[in-house]
Amino acid sequence: MFDFLKKSTPPATVASAQAQLPRQSLFGRLRSTLASGAAAIARDLSEWMPGRRIDAELLEELELRLLTADVGLPATERILSDLRKRVARNEVADLDALIAALRRNVAELLHPVARPLMIPTDVKPFVILVVGVNGSGKTTSIGKLAHRLLGEGRTVVLAAGDTFRAAAVEQLQVWGERNGVPVIAQASGADPAAVIFDGYAAAKARGADVLLADTAGRLQNQTHLMDELRKVKRVLGRHDDTAPHEVLLVLDASQGQNALTQARVFQEAVGVTGLVLTKLDGSAKGGIIIAIATELGIPLRFVGVGESIEDFGIFDVDDFVDSLIAAPPSRSA
């Protein structure tokens, strides 16, 4: 069964309050999304050209599919270069062998970045600064991550650092109530750095394991807001020179190559240490994960596949590849 989200078991008090989607419904929806349309890198190739030997036309078709699926030019060129070398050495003789080699190549690109977030027990609070553009699912991801951390037996405090949007504070407070965790907030328009430091002080006083700090959504070209993020990091660093311990960038997978641009700019501005890729169940083509892995190498901590609190988890490479590039059907079947 498809399962590229590895999930923790939530506490009963939290789980009982959440509407749970059936597991098959959740993963079935994602599998059908990535295995259809432009995301279907290998869809119907086996039926279209069963047993066909590899030639230039077939490789060009595969290249087009990779680019259409948001894999990006550098990753596509790297994958096709390896496949062409294998064909020249007679290591890949037919379509089935080509798809198998493609799956191996993609998995090899992704395994180095499939690195779950590790929170040491001797750092309290472990500060996670969550950043991203407007509409990426940042605040929702914080709520889901808090739920996951609670399921691992950790204590959590939330800091409402998005002070420009009153609805953002309210949204985070709803997640706080749902998860039963405190939310540190100030009036609309307050200094985000001050709010997040208050959150740090509150988490420290409570002996909390993790501080999850929200920030205002911002476009990557808004220099003054990027400067604000740098200020937040500086203020935290004055009180704990190792904080923030994680700068988690939330990206909307349906943005395609624009998500890659966002990742580059945030990485340069604040030193991103991990990614959350959301909305893989919507119009996302999936290949952007490969593009980001190849060009930036930032660890992919979590992925989100829907609205439910359970639609969030650790990225699993092999099952993702199974969904994005279906293996050819068995000829003996």
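The values are calculated or read from the model by the stated rules, or taken from the named source; none is laboratory data. These numbers come from a predicted model, not from an experiment. All Cβ positions, glycine included, derive from the backbone under ideal geometry; neighbour counts span all protein chains shown.
Odds and ends about this structure:
- Residue count, the stretch 125-173 (criterion: part of a loop (DSSP other than H, G, I, E, B) and not small (Gly, Ala, Ser)): 10
- Scanning the stretch 134-146 for residues being of a type in the set (Val, Ile, Thr) and surrounded by fewer than 23 Cβ atoms within 10 Å (Cβ to Cβ) gives a total of 1.
Okay, residues lined up against (1) buried (at least 16 other Cβ atoms within 10 Å of the Cβ); (2) within 20 Å of the chain's Cα centre (by Cα); (3) not basic (Lys, Arg):
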| residue | (1), (2), (3) |
| --- | --- |
| Leu73 | no, no, yes |
| Thr76 | yes, no, yes |
| Ala114 | yes, yes, yes |
| Leu117 | yes, yes, yes |
| Arg148 | yes, yes, no |
| Gly153 | no, no, yes |
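- When Val265, Val276 are screened for being closer than 21 Å to Ile128 by Cα and surrounded by fewer than 24 Cβ atoms within 10 Å (Cβ to Cβ), only Val265 passes.
- Residue, surrounded by the fewest Cβ atoms within 10 Å (Cβ to Cβ), within the stretch 82-112, restricted to residues that are of a type in the set (Asp, Glu) and farther than 16 Å from Gly297 by Cα: Glu91
- In the stretch 279-319, residue surrounded by the fewest Cβ atoms within 10 Å (Cβ to Cβ) [restricted to those that are modelled with pLDDT under 85 and hydrophobic (A, V, I, L, M, F, W, C)]: Ile309
- Cβ pairs under 8 Å, 6+ apart, first in the stretch 230-247 and in the same structural domain as Val270 (by TED's automatic domain parsing), second surrounded by 12 or more Cβ atoms within 10 Å (Cβ to Cβ) and of a type in the set (S, T, N, Q): Val232/Thr215; Glu246/Thr273; Val247/Thr273
- All conditions but one from (1) under 24 Å from Gly143 (Cβ atoms); (2) touching a Leu at 6+ places or on another chain (Cβ under 6 Å) apply to Phe302; the one that does not is (2).
- Only one entry of Ala213, Ala243, Ala202 meets the criterion of being assigned to a loop (DSSP other than H, G, I, E, B), buried (at least 17 other Cβ atoms within 10 Å of the Cβ) and at pLDDT 90 or above, and that entry is Ala243.
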